[in-house]
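Colleague: Have a look at this one before I ask anything.
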Amino acid sequence: MKLHEYQSKLIFAKYGIPIPKGRVAATAGEAKQVAEELGGRVVVKSQVLVGGRGKAGGIRLAKSPNEAEDLATEILGMEIKGLPVRKVLVDEAANIDKEIYLGITNDRAARKPVLMASAAGGVEIEEVARVTPEKIVRVHIDPLLGLRDYQARDIAAGIDLPREHWRSFGQIAKGLWGAYRDSDANLAEINPLVITEENRLLAVDGKMVLDDNALFRHPDLAEMRDLDVEAPSEIEARKYGLSFIKLDGDIGCMVNGAGLAMTTMDIIKLFGGAPANFLDIGGGAGAEKVAAAMRIILSDRNVKAVLFNVFGGITRGDEVARGILYALDEVKTKVPMVVRLVGTNAEEGRQILANADMITAETLADAARKAVAVAKGGEI
Amino acid sequence: MSILVNKHTRLLVQGITGNEGLFHTEQMVAYGTNVVAGVTPGKGGEWVLNGKIPVFDSIRIAVEATGANTSVIFVPARFASDAIFEAADAGLELIVCITEGIPVQDMMRVRNYLDQKHARLVGPNCPGLLTPGETKVGIIPGDIAIPGKVGVVSRSGTLTYEVLYALKQVGMGVSTCVGIGGDPINGTSFIDCLSMFEDDPHTEKAVLIGEIGGSDEEKAAEFIADHMTKPVVAFIAGQTAPPGKRMGHAGAIVEGGSGLASDKIKALEAVGVRVAKHPEQIPDLLK
């Protein structure tokens, strides 16, 4: 789950990281008011969960409260990469002398958090990693010990930060570590961390990505979820504990298990079709969950065929079959269905579905071939 | 023969009185697994499965009383990392964690702690292990595989069943199947398992089932090139997965252009591994 810039920076501030004075606003009037309170120049920044806000014109400098109001009106009417701008952050404009990157993320391969810094701040770190990887310095953090002072100093020296800033840089790095650790983040990033013309360090932009699996211990953070970034079908699916991702194709997929669900999408493509979604109904799914999954798949108007691929283990074939019938009774559809049931209670499942108008398949390849054929309007 | 688990495995079930723990304990016992104890804090002194298996309050006491040497964990995600620490501190050699959804920072702490101990963790977020004809530790349906000479290692659950089933259809048997799990941080890697299969005299060939996310398949390819004499066949799931989206498994995500299925397939093919286009092709490639 991604947090907005203003949310991330408020968390950073709690850990002693200096951030610009400012506040979030939902209307142009509020934006003007914040600008008046701050006095002088302000930056009006769109709060949407995509990169490239600046390039899209979603971050602008205002010299007066009136200009802030005009810019906020403009920005609040924008869509950036398909996402509506609902809020702007109005921050005191910093006098920037130099921009630095500072971030902490999970290093899967090392199985440890990694602190990264670069003297080339203000651009995306992936871009720096691609073009000038030598400009990034890294240190791994022992998750049992935390970030040590000397590690922060090494990083400061590694990016040629003038010595006079080492102390406050160390405090900021440790603050960032605290925010990352205590929020169960996958990423906590300050980009840029600037040296101002007044010779102070200031976190001008901030970003956090949280671990969805840890939200149970952060109810306050879980509430910050922005539903704009998810398709309505994905939000609906989460209510039922279904793992669902919408795609652009026309063959709906209902599968148990994530690996098998991906494989089912892949094999549809292999046989010349296009999957409409990823959907894992999970282990032990009962009839109600299956019915919910079916409604979500069929709510997509592009879907021209549905492929059920269930390998019974904990999940039982007869339960899945009952769920399919239950859902068909409710949604009434003419979309052709291809069913493949294997494993626990598969035979019982097939019997339950014997009178339903469904195409059956023995193997995964056979199922995919049939689904692709009927989606293209062919007969089996 | 087999790797990691066999007929000498003395299994302890953590979370044995929960729904899943109890159901799968029954399944494991029915398969022939020697389940010697269960642990549920606060329920020590009870018995499950009609008085066949004693329940203890802690792993330390259970190990002292029963000589358990392996544990399988079915406790909910929020308690699972503590369950792993407890098993490691009690001196168990092999810990198999089925639980899905453990926070990744918990797993980083677990993994860094276990690296200082002599405990091996398989999983989490995995279906466990199956040595057909001898024992199963976890949730892999026992009847979909027969004993044989193919070693299977996989990041997935039902996809693994699919492969075992396809092998059984053509009469191919399995030495041991290891589900290493779909999380970004886990205990046992592809390389660990391939190395054990290479050393196991009764395993003749290996099947590696990978998916998008991370670079473990690429590292496995390097290992295969340098250390494997036995043939390896692979399948990689997620070629059609969109970037930036977590495909069900916490670890199955293409990030910043890395973790792509195509890169993994390229790396494996470059070292002579035959990569199946879909799982039902695997038996043919093993012939």
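Colleague: Scan the stretch A:46-57 and tell me whether some residue there is farther than 23 Å from residue A:9 by Cα and away from chain B (no Cβ under 14 Å).
Modeller: No, the conditions are met nowhere in the stretch A:46-57.
Colleague: For residue A:324, are the conditions met, namely being under 34 Å from the mean Cα position of the chain (by Cα), under 30 Å from residue B:139 (Cα atoms) and either modelled with pLDDT of 95 or more or more than 14 Å from chain B (Cβ to nearest Cβ) (or both)?
Modeller: Yes, satisfied.
Colleague: Here's something else I'd like to know. How many of the residues making up the stretch B:100-117 are modelled with pLDDT under 95 and closer than 13 Å to residue B:78 by Cβ?
Modeller: 2
Colleague: Hey, which of the strands (runs of 3 or more DSSP E) in the stretch A:189-267, taking only ones fully inside, have at least 2 residues that are more than 17 Å from residue A:19 (Cβ to Cβ)?
Modeller: Qualifying strands (runs of 3 or more DSSP E): A:206-210, A:243-246, A:251-255.
Colleague: What is the residue count in the stretch B:212-232 for residues that are surrounded by 19 or more Cβ atoms within 10 Å (Cβ to Cβ) and among the small types (Gly, Ala, Ser)?
Modeller: 4
Colleague: Pull out all pairs, ordered by first then second residue, where Cβ-Cβ is under 6 Å, the residues are six or more apart or on different chains, the first lies in the stretch A:70-95 and is basic (Lys, Arg), and the second is outside any strand (DSSP E or B) and surrounded by fewer than 19 Cβ atoms within 10 Å (Cβ to Cβ).
Modeller: Once the first residue is basic (Lys, Arg) and sits in the stretch A:70-95, its partners that are outside any strand (DSSP E or B) and surrounded by fewer than 19 Cβ atoms within 10 Å (Cβ to Cβ) give A:81/A:50; A:87/A:26.
Okay, residues lined up against (1) in the same structural domain as residue A:371 (by TED's automatic domain parsing); (2) out of contact with any Pro (no Cβ under 8 Å at 6 or more places or on another chain):
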position	(1), (2)
A:213	no, no
A:244	yes, yes
A:254	yes, yes
A:264	yes, no
A:306	yes, no
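Colleague: Filter the stretch A:212-239 for residues that are surrounded by 14 or more Cβ atoms within 10 Å (Cβ to Cβ), touching a residue at least 40 places away in the same chain (Cβ under 8 Å) and among the acidic types (Asp, Glu) and give the result.
Modeller: Result: A:212, A:226, A:236.
Colleague: Okay, moving on. Spot the failing condition for residue B:209; the list is (1) more than 21 Å from residue A:106 (Cα to Cα); (2) at the interface with chain A (Cβ under 9 Å from one of its Cβ atoms); (3) surrounded by fewer than 24 Cβ atoms within 10 Å (Cβ to Cβ), and only one is missed.
Modeller: With (1) more than 21 Å from residue A:106 (Cα to Cα); (2) at the interface with chain A (Cβ under 9 Å from one of its Cβ atoms); (3) surrounded by fewer than 24 Cβ atoms within 10 Å (Cβ to Cβ) applied to residue B:209, the lone miss is (3).
Colleague: Do any residues in the stretch A:277-302 that are in contact (Cβ under 8 Å) with a residue 60 or more places away in the chain and part of a loop (DSSP other than H, G, I, E, B) have Cβ atoms under 8 Å from those of residues that are aliphatic (A, V, I, L, M) and surrounded by 21 or more Cβ atoms within 10 Å (Cβ to Cβ), where the two are at least six apart or on different chains, and which pairs are they?
Modeller: Once the first residue is in contact (Cβ under 8 Å) with a residue 60 or more places away in the chain and part of a loop (DSSP other than H, G, I, E, B) and sits in the stretch A:277-302, its partners that are aliphatic (A, V, I, L, M) and surrounded by 21 or more Cβ atoms within 10 Å (Cβ to Cβ) give A:300/A:276.
Yes/no matrix, rows are residues, columns are (1) among the polar types (S, T, N, Q); (2) in contact (Cβ under 8 Å) with a residue 24 or more places away in the chain; (3) more than 23 Å from residue A:96 (Cα to Cα):
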residue: A:120; (1), (2), (3): no, no, no
residue: A:128; (1), (2), (3): no, yes, no
residue: A:150; (1), (2), (3): no, no, yes
residue: A:155; (1), (2), (3): no, yes, no
residue: A:168; (1), (2), (3): yes, yes, no
residue: A:181; (1), (2), (3): no, yes, yes
residue: A:186; (1), (2), (3): yes, yes, yes
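Colleague: Still on this structure, please answer the following. Hey, among B:210, B:187, which residue is within 18 Å of the chain's Cα centre (by Cα) and in a loop (DSSP other than H, G, I, E, B)?
Modeller: Of B:210, B:187, the one residue that is within 18 Å of the chain's Cα centre (by Cα) and in a loop (DSSP other than H, G, I, E, B) is B:187.
Colleague: Regarding residue B:113, is this residue free of Cβ contacts under 8 Å to residues at least 40 places away in the same chain, in a helix (DSSP H, G or I) and in contact with a strand residue (DSSP E or B) (Cβ under 9 Å, 6 or more places away or on another chain)?
Modeller: Taking the combined requirement at face value, the residue does not satisfy it.
Colleague: Quick check on my filter: what residues within the stretch B:146-185 are touching a Lys or Arg at 6+ places or on another chain (Cβ under 6 Å) and either within 10 Å of chain A (Cβ to nearest Cβ) or under 18 Å from residue A:343 (Cα atoms) (or both)?
Modeller: The answer is B:146, B:182, B:184, B:185.
Colleague: Please find, among A:68, A:117, the residue that is modelled with pLDDT of 95 or more, touching a strand residue (DSSP E or B) at 6+ places or on another chain (Cβ under 6 Å), part of a helix (DSSP H, G or I) and crowded, with 21+ Cβ neighbours inside 10 Å.
Modeller: Exactly one of A:68, A:117 is modelled with pLDDT of 95 or more, touching a strand residue (DSSP E or B) at 6+ places or on another chain (Cβ under 6 Å), part of a helix (DSSP H, G or I) and crowded, with 21+ Cβ neighbours inside 10 Å, namely A:68.
Residue-wise test of (1) in the same structural domain as residue B:234 (by TED's automatic domain parsing); (2) part of a helix (DSSP H, G or I).
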| site | (1), (2) |
| --- | --- |
| B:83 | no, yes |
| B:99 | no, no |
| B:106 | no, yes |
| B:148 | yes, no |
| B:156 | yes, no |
| B:163 | yes, yes |
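Colleague: Six or more apart or on different chains, Cβ atoms under 6 Å: show the pairs whose first residue is in the stretch B:256-276 and surrounded by fewer than 17 Cβ atoms within 10 Å (Cβ to Cβ) and whose second is at pLDDT 95 or above and not in a loop (DSSP other than H, G, I, E, B).
Modeller: The qualifying pairs are B:269/B:275; B:271/B:221; B:271/B:224; B:271/B:225; B:274/B:233; B:274/B:285.
Colleague: Just to be sure I understand, how many residues within the stretch B:140-155 are in contact (Cβ under 8 Å) with a residue 60 or more places away in the chain and surrounded by 24 or more Cβ atoms within 10 Å (Cβ to Cβ)?
Modeller: Residues in the stretch B:140-155 being in contact (Cβ under 8 Å) with a residue 60 or more places away in the chain and surrounded by 24 or more Cβ atoms within 10 Å (Cβ to Cβ): 3 in total.
The values are calculated or read from the model by the stated rules, or taken from the named source; none is laboratory data. Keep in mind that what you see is a predicted model, and the values were worked out from it rather than measured. Note that each Cβ is placed from the backbone with ideal geometry, even for glycine, and that neighbours are counted across all protein chains shown.
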